[in-house]
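Input: a single structure, listed below in structure tokens.
All of the numbers you see were taken from the coordinates with simple rules; none came from a lab. Everything numeric in this text was worked out from a predicted model, so none of it was measured. Glycine also receives a Cβ, built like all others from the backbone with ideal geometry; neighbour counts cover every protein chain displayed.
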Amino acid sequence: MNHLKEWAKRNEYDVVKVIMDTESGIKPLIERKRFLRLLDESKTGCMDAIGIVNLDRLTRNWEDVVFIEKHFCENWHICKLLSIGDTIDLSNASGRFMFRMRMVVCCYMPEDMREKQRIGIDRAKKEGKYKGGKKGRSWKT
């Protein structure tokens with residue numbers, strides 16, 4: 001969090017409120033109550049921007065990407081989305097294109113990792129090295 005505050009200070013933004021959404025970006029927005037409340041507040045004009053560390057921390061769910069983009073496009077004149085790691089400008093076609101391309105990568109990565117994990121587990125099961133079971137159980141080597 002200090003990293004975000006320092007970035008805001010360097011870029012001449014005043015931090016007026018800090019809300020930490022510790023939920024995973026893989027989790028659907030509908031289940032992230034703090035983030036949804038923050039989006040609702042952003043429509044009121046009580047803040048000029050919402051700052052995040054990186055876009056991949058925002059969401060990794062394509063349906064939520066569409067929802068977030070729509071929210072900020074409709075409210076860009078009231079509240080912007082700022083990121084330490086990514087330049088975001090949803091006020092024009094080029095900015096929306098770059099946001100979408102970055103978010104495609106953010107959504108692709110966990111899906112790809114899950115597919116590779118599934119392949120590895122299936123191979124380990126066939127070799128008798130993985131029996132499945134309880135969380136935290138290590139693989140037999």
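Dipole magnitude of segment 2-126 about its Cα centre, charges +1 at Lys/Arg Cβ and -1 at Asp/Glu Cβ only, in debye to the nearest 20?
The calculated dipole for segment 2-126 is roughly 540 debye.
Please identify, among Lys70, Lys126, Lys43, the residue showing maximal mean-square fluctuation in a Gaussian network model of the chain using a 10 angstrom Cα cutoff.
Of Lys70, Lys126, Lys43, the Gaussian network model singles out Lys126 as fluctuating most.
If the chain between Arg114 and Ala93 were fully stretched, how many nm would it gain, using 0.36 nm times the residue separation less the Cα-Cα distance?
4.3 nm
Between rounded, prolate and oblate, where does the chain land on the alpha carbon gyration tensor, with a ≥ b ≥ c its root eigenvalues, rounded for a/c under 1.5, else prolate if a/b exceeds b/c?
Judged from the Cα gyration tensor, the chain comes out prolate (a/c at least 1.5, a/b above b/c).
Per-residue ellipticity at 222 nm for the chain, helices alone: DSSP H runs ≥ 4 residues times -39500 (n - 2.57), over residue total, nearest 500 deg cm²/dmol?
-16000 deg cm²/dmol
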